[in-house]
1. Calculate, in nm to one decimal, what Asn350 and Arg324 gain on full extension: separation in residues at 0.36 nm each, minus their alpha carbon distance.
2. Which whole-percent values make up P(r) of the stretch 232-357 when all C-alpha to C-alpha distances are grouped in 10 Å steps starting at zero?
3. When the convex hull of the C-alpha atoms of the stretch 41-103 is computed, what volume per residue in Å³ does it have?
4. Note the full-extension length gain between Asp155 and Glu272 as 0.36 nm times their separation in residues minus their Cα-Cα distance, in nm to one decimal.
5. Taking H placed 1.01 Å from N in the peptide plane, check which residues at least 5 places from Glu193 or on another chain put their amide H under 5 Å from its amide H.
6. Please give the length that would be gained between Asn205 and Glu297 if that part of the chain were fully extended, namely 0.36 nm times their separation in residues minus their C-alpha to C-alpha distance (nm, one decimal).
7. How large are Rg and Dmax for the stretch 135-265 when only the alpha carbon atoms are used, in Å?
8. Does the stretch 1-146 come out rounded, prolate or oblate by the C-alpha gyration tensor, with a ≥ b ≥ c the root eigenvalues, rounded set by a/c under 1.5 and, if not, prolate when a/b is larger than b/c and oblate if not?
Amino acid sequence: MKQIAIIGCGKVAHLHAKAIGNLPGATLAAVWSRTPDSACKFAGTYGAKPYSDIDAMIRENRIDLVVICNPHPFHRDVAIAAARAGANVLVEKPLASTLEDCDAIIDACSEAGVRLGVISQRRWYAPVQRIRKAIDDGKIGTPALGTINMLGWRDKAYYDADPWRGTWDMEGGGVLVNQAPHQLDILLWFMGEADEVYGLQRNLNHPYIEVEDTALAIIKFRNGGIGNIIVSNSQKPGIFGKVQVHGSNGASVGVQTDGGAMFVAGMSSVLEPPVNDLWTVPGEEALLAGWVREDSELFERIDPTVYYMERQIEDFLQALDEGRDPLVTGETGRRTVELFTAIYRSTRDNAPVKFPLLPENGTDMDGRLKS
């Protein structure tokens, strides 16, 4: 039985606790919060032990895996503490808000000899995995053009729900840091690593927050492909999130990962099933309708806010047993942070940004803060 602990007791932590509770080979043994009352309340809900000391929590309960759920800018210290205490680490997306913090977490896990993963549960969507398999099988030739269109909405009530939302120092960014990492990760999984980015970020219609609500980018990939990103929290009430790939042989595949009003952990449910919205692989065009029906039927049978987290945690635990890396590693999670960091830097400098990116260790958070 794998012993799991959760660090951070906010809204998304409840989804992880439910997912862990559904896995027969795992138990939620302990929880940590910097606020003791929060830890006690959360632990009481799920039958776990509350802690305010990470090292003691891990050693006393022989924790195999720590799932980190506190706000993004605070991932670094708790992840390093967990790794040094001997626990494997699974971090809610993004891995961190800055490349400096990403590298510190990756280095600490490597030095401690523990495995590191980053939550990107949408990779386990059946329509996403179909696309990955089609690419692996050469059905679209070489991925030549990849696009993200994520048009969502966040209202004032969303930003008022937690004191860290909408601020540079507590959230680390806006749509790029909080909502877009899922789609950015999927695009990079399909297209491969980025080589150069020109990007822009703006706040279009949320004057009561510090961070951006909209960002655009043009990408050159190392495989020779190109890409386009449009992500926004400015379309009321929220429309869709789509990732599409067009191949060198003319075939196209795509997934609508989110539809209707966009999902907010702890505040709303997933309204529409994830489905393939585009499939022109020669000889397979007629399969699309059946896949949409199949995926929609599954959506009705599960709790989609928890089910796919179960699949990712399950993969991580299997990786521990098999001595392999999880599907989404720390290095993979860093690439997502590298991509949104490039968009911030490009906006600041009004110039393309070449990869790989190193931490700047500056005071402007890669252009997010005004000088």
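1. Numbers: separation 26, 0.36 × 26 = 9.36 nm, distance 4.13 nm.
Difference between extended and current length: 5.2 nm.
2. Each 10 Å bin holds this share of Cα pairs: 10, 24, 36, 26, 4.
3. Numbers: hull volume 5.5 nm³, N = 63.
Cα convex hull per residue, to the nearest whole number: 87 Å³.
4. Details: separation 117, 0.36 × 117 = 42.12 nm, distance 1.99 nm.
The Asp155-Glu272 span can extend by a further 40.1 nm.
5. Distant-sequence amide H within range of Glu193: Arg222.
6. Working: separation 92, 0.36 × 92 = 33.12 nm, distance 3.69 nm.
So the extension gain works out to 29.4 nm.
7. Over the stretch 135-265's Cα set, Rg and Dmax evaluate to 15.7, 49 Å.
8. Values: a/c = 2.15, a/b = 1.65, b/c = 1.30.
It is prolate, given that a/c is not under 1.5 and a/b is the larger ratio.
The values are calculated or read from the model by the stated rules, or taken from the named source; none is laboratory data. From a predicted model like this one, the values you see are computed outputs, not experimental measurements. A quick note on method: Cβ atoms are made from the backbone with ideal geometry, for glycine too, and the neighbour counts reach across all protein chains shown. Surface accessibility is based on the protein's heavy atoms, side chains included, excluding ligands, DNA and RNA. Shrake-Rupley method; radii C 1.70, N 1.55, O 1.52, S 1.80 Å.
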